[in-house]
Amino acid sequence: MTALVEIEDLTVRFSGERTVHAINGVSLSVAKGEVLALLGESGSGKSVTLKSIMQLLPGRRTQIGGRIRFDGRDVLALKGRALADFRGRDVAMIFQDPSLALDPVYSIGTQIAETVIRHEGVSRVAARSRALDMLKRVRIPSAERRLDNYPHEMSGGMRQRAMIALALACGPRLLLADEPTTALDATVQMQVLLLLRELQQEMDMSVIFVTHDIGVAVEIADRVAVMYAGTIVETGTISQIIKDPRHPYTKGLLAANLHGAVKGSRLDAIPGAPPTLEEPPTSCPFAPRCPSALPVCREARPPLVNRGPGRAVACVLEQEPAI
Amino acid sequence: MLGYLFSRLVSVIPVALGVSLICFLLVHIAPGDPLVAIMPIDATAEQEAEMRAVYGFDKPLPVQFGIWLSNAVQGDLGRSIATGRPVGPEVTRAVGNTLLLAAAASVIGFPLGIFFGFMAGYLRDTVWDRIITASAIAGVSTPNYWLGMVLVIIFSITWPLLPSMGAGPGGSGAWVWDWQHMRHLVLPAITLAVVPMGIVMRTTRALVSDILDQDFVQALYAKGMTRTGVLRHVARNAAPTALSVIGLQLGYLLGGSILIETVFNWPGSGYLLSVAILQRDLPMLQGTILVLAMFFVTLNLLVDIAQSMIDPRISRA
Ligand SMILES: Nc1ncnc2c1ncn2[C@@H]1O[C@H](COP(=O)(O)OP(=O)(O)OP(=O)(O)O)[C@@H](O)[C@H]1O
Ligand code: SF4
Ligand SMILES: [Mg+2]
């Protein structure tokens, strides 16, 4: 499989009243048609990673390092019109709370049509009929009527479907999904996940799906990258991660999820708190919370070591040659 | 939408009635015999009879209100104590002049206030923002009668470029749309515009800055909107609140121009009011306040309707 997106050694630092080293050397790749779940606790840098791909971080306060390539193109070098053309057409994004991500004073139909007009220069009528098609594709009942609805006139699940319709209206090759089901209740969450999976397959789209819910990752993802303190600590296929977690952080997450139903569990059951990231980590960032920590863990940051194709772990315990 | 319009129109009726009632009661709140209070000291018997007919003082209060109101609706607001002339035409002319001044101040103040406020909000925390915000604060805190006098000293006395007195050559009260008359409008309109401009600027800045922090703005960029496209969304989101502030400020322009009208001898309702108060001319006071109040009520209605047309959450929710 060829990679559609390749992130190499991404670093993101926010300056301002407080310096935050939010991303500290993240490397990732997503193949065409692949769904990658980014899994990690709150503050681990999942959203910042997604926003870096779209250059949505506040320009003046953000220093970005590393490379992001999309289909061979250097994404971080895009500017002005080229950047605006890239956003929404090649890569689209959906957000955690659709009631905040949609403009409250424009109707759903107008907001979808606007995107289509922006990228394809079609007529209003054509854009509107595309909007209608999209609402039908995300299975919004009585779509004709819903076109003229405003976001506040829809339920949460309906709004997220509308947001998905908007994001997919121009047939993007990559969808960035930032916890799109967290704000929904369980049954609606499941429906939206199934819908996303189905549309992803129909459109042969790649997806980076951010979640802190392992159950959700199991439903949607082919591969998982586990994030901690702005670094990737483990990657693997979803079954490798579930059946054979290698990094103590991943093990902790899974253990926390083993009691009780996997679905809907949150990743907050490991004692201790993640580092504040005022400085970039110089040792294993998980060491203060790690039950297997050794003195050497505090000496240097363990590199992400390949343990087979698509499988990598960043932990001193995994640095011995594979058995 | 139509239903909303209708209900909004209907809801104005009690407000208008209440305002009229307060105006009507002005005469009765003033100490002493109301008839004496509203009659010239040297009133003839004929005038006294007319007053009685207008107010019907011998009848119960609600009936009196009814009579007064129906007269007022027909344009009969009684006679001035000071001049003995009917109040109606005088109030109409004065309120017309005030509206003219307010309109001129609006044309200067609101577009500039919105433009610079928008700029400051969009460029927040830059030098431009600081300059604009500081100017707005200076504008809001400058006493406008003082500013008026300074402008008069500079532009009418030191360099006699613009007139400073009245609404036309020779203090004529009748307005004509020519340069001779419009020259008279310049200084008072600028003076009057400064405070509302500053307030609109600050409100717009705060609004725009708030809206830019909302998630949907990032989502708009994420779907590939250009800066102009995003600003259009921001403007539409800011419009309902900006409109209501403008409505309030228009009210201020109508009612708050007493000092300005005095400084510039502008024959408007503020001037009329101050004269009426000094002369205890109750019918004049009553008529002027009633007409101004009706303008306020109408203005509020128009702002509400405009808001509901822009923001779907207002009428549909
Ligand atoms: N615009 C910003 N300015 C300053 N700091 C930021 C900004 N955005 C994110 N951060 C910081 O970067 C770190 C990573 O944040 P991020 O939003 O990526 O976390 P996350 O993994 O998405 O968490 P969550 O599950 O809570 O969404 C956090 O410490 C956050 O405070
Ligand atoms: S490197 Fe050491 S501290 Fe870090 S996860 Fe591995 S064992 Fe734990
Ligand atoms: Mg996040």
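Here are a few things to note about the model shown:
- For chain B, the per residue solvent-accessible surface stands at 48 Å², with DNA, RNA and ligands left out and a 1.4 Å probe.
- Rounded D (µm²/s) - the protein assembly as shown, Kirkwood Rh over Cα pairs, Stokes-Einstein at 10 °C, 1.306 mPa s: 53 µm²/s
- Given charges at Cβ of Lys, Arg, Asp, Glu: segment B:87-316 dipole, positive-most of B:Ala120, B:Leu248, B:Leu273: B:Ala120
- Percent accessible area from carbon and sulfur atoms, chain B, protein chains only, probe 1.4 Å: 70 percent
- With Cα atoms, 0 to 90° folded angle of helix B:87-122 axis to chain B main axis: 10 degrees
- Mean-position separation - Cα centroids, segment B:161-214 and segment A:106-165, in angstrom: 44 Å
- 0 to 90° range, to nearest 10: angle between helix A:186-203 axis and chain A longest Cα axis: 80 degrees
- Under the criterion of Cα pairs below 8 Å and six or more residues apart, the relative contact order for segment B:189-267 equals 42 percent.
- Other residues with beta-carbon under 11 Å from the beta-carbon of B:Thr133 carry, at +1 per Lys or Arg and -1 per Asp or Glu, a net charge of +2.
- Signed unit charges on C-beta, dipole axis of chain A, positive-most listed residue A:Ser142, A:Thr231, A:Pro288: A:Ser142
- Only Lys, Arg, Asp and Glu carry charge here, each on its Cβ (+1 for the first two, -1 for the last two); on that basis chain B has a dipole of about 1040 debye about its Cα centre.
- Distance from segment B:257-292 to segment A:8-76 (C-alpha centre basis), Å: 66 Å
- Summed buried accessible surface, chains A and B, 1.4 Å probe, nearest 100 Å²: 2200 Å²
- Over the C-alpha trace of segment B:87-316, radius of gyration and Dmax come out as 20.1, 66 angstrom.
- Cysteines in chain A lacking any other cysteine Cβ under 4.7 Å from their own Cβ: A:Cys170, A:Cys290, A:Cys315.
- Cα-based Rg of chain A normalised by 2.2 N^0.38 Å, two decimals: 1.02
- Shielded by partner chains, segment B:217-243 residues - at least 20 Å² of accessible area, 1.4 Å probe, vs chain alone: B:Gln218, B:Ala219, B:Tyr221, B:Ala222, B:Lys223, B:Gly224, B:Met225, B:Thr226, B:Arg232, B:His233, B:Arg236, B:Asn237
- Per residue value of the accessible surface for chain A (all protein chains in place, 1.4 Å probe), Å²: 42 Å²
- Protein-protein interface of segment A:57-88, residues with accessible area decrease of at least 40 Å², isolated chain reference, 1.4 Å probe: A:Arg60, A:Arg87
- Relative contact order (%) - criterion: Cα under 8 Å, at least six apart; region: chain B: 26 percent
- Share of carbon and sulfur in the accessible heavy-atom surface of segment A:75-232 [1.4 Å probe, %]: 51 percent
The values are calculated or read from the model by the stated rules, or taken from the named source; none is laboratory data. Since the model is a prediction, treat every value here as computed from it, not as a measurement. Cβ atoms come from the backbone with ideal geometry, glycine included; neighbour counts cover every protein chain shown. To get the accessible areas, we keep the full protein, side chains included, count just its heavy atoms, and leave off ligands, DNA and RNA. Shrake-Rupley method; radii C 1.70, N 1.55, O 1.52, S 1.80 Å.
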